[in-house]
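Any read-out appearing in this document is the output of simple, stated calculations on the displayed coordinates, not a laboratory observation. From a predicted model like this one, the values you see are computed outputs, not experimental measurements. Neighbour counts are summed over all protein chains in view; Cβ atoms, including those assigned to glycine, are modelled from backbone coordinates with ideal geometry.
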Amino acid sequence: MDLHQSLLSRSDQKCELCDSANALEAFEVTSSPEAGVEAHVLTCQECRDWLSNPDLSATDRWTVLGDSMWSEHAPVQVLSWRVLDCLKSNSWAQDLLDMLYLDEERSAWSAADPIASEQSGGTHRDSNGAVLVAGDTVTLIKDLTVKGAGFTAKRGTAVRNISLVQDTPEHIEGRVSGQQIVILTKFVKK
Ligand SMILES: [Zn+2]
């Protein structure tokens, strides 16, 4: 049996994420430790469209993952986890993630290649395009007048232990001259 046939029989000829039967095709779950059916999920057109261009404003359809995430098949679980992870700013998605237990291997595979949140605007990057994470130390690349605080944060100032402003990838927060301020990511570098 070829890949497509194998997936059709595994899935009972339905999208393994949402049960639709529309234009079913194999979708590769990247970074798989295995090949063939163990690296693919049978998906419908709508699921593939979303996966190729994640739209964070169209998330209601994904509540079906509450079922598919319990699939006995590793690639289905892993793909479900990645979609939920991408949507975790929605409380229902975070709740499902909290419930979903993955063994060590599946957990590592899930985390190996998150669904690109750049398209969803979720990644904080510095002026050089380097990804920023909470706890980083950054340096200001220009003098910044801090509105309302009455001082200027000087170019070259190190800001330690930054935090990321959720849902606003252009903003981080950090402490400068004893004050917690919001800083535009384009004015800092790691
Ligand atoms: Zn589907």
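Annotations for the structure displayed:
- Whole-percent pair-distance distribution, where bins are 10 Å wide, for the alpha carbons of the chain: 9, 30, 25, 17, 12, 5, 1, 0
- Across segment 70-168, the fraction of Cα-Cα pairs farther apart than 20 Å, rounded to a whole number, is 54%.
- Taken about its Cα centre, segment 24-162 carries a charge dipole of roughly 1180 debye when the Cβ of each Lys and Arg holds +1 and the Cβ of each Asp and Glu holds -1.
- Residue exposure sequence - Lys147, Lys186 - by fewest surrounding Cβ within 10 Å: Lys147, Lys186
- Values of log10 I(q)/I(0), in the order q = 0.10 Å⁻¹, for segment 1-95 under a Debye, Cα-only, solvent-free model: -0.23
- The simple spin-label model puts a point 7 Å past each Cα toward its Cβ; for Ala116 and Gln179 those points are separated by 3.9 nm.
- On the basis of the beta-carbon distance and an R0 of 22 Å, Thr63 and His4 show a calculated FRET efficiency of 0.20.
- A straight chain from Trp92 to Glu105 at 0.36 nm per residue would run longer than the Cα-Cα distance by 2.2 nm.
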